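The values are calculated or read from the model by the stated rules, or taken from the named source; none is laboratory data. None of these values were measured; they are calculated from a predicted model. Neighbour counts run over all protein chains shown; Cβ positions are idealised from the backbone, glycine included.
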Amino acid sequence: MGSLRVAIAFTAVGVAVAGGWRDEASLPLARGEVAAATTYDGIAVIGGFMADGRSSRRVDVYSPATRRWRRLPDLPRALNHTFAAAWRGKLYVAGGYGEAGRVRTAWVFDAGRWRPLPRLPYGLAAGGAAVLGGRLYLVGGVAGPPDRSLLVPRALVLDLAHPLRWRFAPGPARREHLAIAAAAGSIYAIGGRSAGYDTNSKLVQSWRPGNPGWQTKAPLPEARGGAGAAAIGGTIVSVGGEAPAGTIGTVFAYDVADNAWRRVANLPTPRHGLAVAAFGGRIFAIGGGRSPGLGVSDVSESLALDARG
């Protein structure tokens, strides 16, 4: 198979809801705690838990144009809660939980095969990834030995043009199961939690590479962890999550220019640990657990968004 190509950015200043959610073709293998990355021609759904509790090596790519799935070569190892992003036709996967706990491995999928990248300085899982300025950022999450979980204080950075070693960058307030999205030249850290899903947060922070620290933004209208987020132009959409009352169906859109959240159409099938990605003016919510804790599904839904001035 050939290499992946990065999706062309949608450049509208903001978006407005254009109708409700629609069903998409089901994920070929039901999974939860997956990662997602937008490629030129589709959405990659990476790893995750399967129904029997084992981790998966699968990488499936959904083409919204044809509403069909295709399978890429398997990951070198089975992972859940991993980090993923795409840049210039290449798919990057780093960290996550493996068979023996958090892993330090990272790979790039290019020209039809997986190639190793420099190892992370420590095992890392349950955060999020974004690419800005040709650099891959791993933000938030949990590190430490298998018997102890440490919320990380710094982000990890890899220069994708010269991927020699990982460096450190300022991190947001320490939390895991947060959502990460890049918009308008900054990285946004949205929600998350400090431990179990009874510690969910409304905190939203942003950071522009080169700045000394993260800035606090308008909080989420509702605390959430285990959610996903994706950006279209200057709007970031927060989808799903889990809380003591159950999985979360409310969906909120954040306008970067106005620093304000608004509620949009509810997710028809509330889920957590799902793949959330933007493609062609739509937000996609794929897989994830229907109930808190270990859960899987093959549900794939998308919400149409229209440009506005």
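Things to note:
- Qualifying residue in segment 166-185 (condition: over 18 Å from the mean Cα position of the chain (by Cα), of a type outside the set (Gly, Ala, Ser) and over 18 Å from Ala94 (Cα atoms)): yes
- Of everything in segment 78-96 that is touching a Ser or Thr at 6+ places or on another chain (Cβ under 7 Å) and either surrounded by fewer than 21 Cβ atoms within 10 Å (Cβ to Cβ) or of a type outside the set (A, V, I, L, M, F, W, C) (or both), the residue that is farthest from Val131 (Cα to Cα) is Ala78.
- Sole residue being at pLDDT 95 or above, surrounded by fewer than 18 Cβ atoms within 10 Å (Cβ to Cβ) and among the basic types (Lys, Arg), chosen from Arg148, Arg119: Arg119
- Residue match in segment 195-203 (condition: touching a Phe, Trp or Tyr at 6+ places or on another chain (Cβ under 7 Å), at pLDDT 95 or above, polar (S, T, N, Q) and outside any loop (DSSP other than H, G, I, E, B)): no
- The single condition from (1) in contact with a helix residue (DSSP H, G or I) (Cβ under 8 Å, 6 or more places away or on another chain); (2) within 22 Å of Lys90 (Cα to Cα) that Asp159 fails is (1).
- Qualifying positions in segment 249-288 - within 15 Å of the chain's Cα centre (by Cα) and either surrounded by fewer than 15 Cβ atoms within 10 Å (Cβ to Cβ) or at negative phi (or both): Arg271, His272, Leu274, Ala275, Val276, Ala277, Ala278, Phe279, Ile283, Phe284, Ala285, Ile286
- Failed criterion for Leu220 (all others in (1) more than 18 Å from the chain's Cα centre (by Cα); (2) surrounded by 15 or more Cβ atoms within 10 Å (Cβ to Cβ) hold): (1)
- Residue check for Tyr62: modelled with pLDDT of 95 or more, farther than 22 Å from Ala125 by Cα, within 19 Å of the chain's Cα centre (by Cα) and among the hydroxyl-bearing types (Ser, Thr, Tyr): yes
- Given (1) on the phi > 0 side of the Ramachandran plot; (2) out of contact with any Pro (no Cβ under 7 Å at 6 or more places or on another chain), number of the condition Gly246 does not satisfy: (2)
- Considering only residues in segment 256-309 that are among the charged types (D, E, K, R) and modelled with pLDDT under 95, the one that is farthest from Thr216 (Cα to Cα) turns out to be Asp306.
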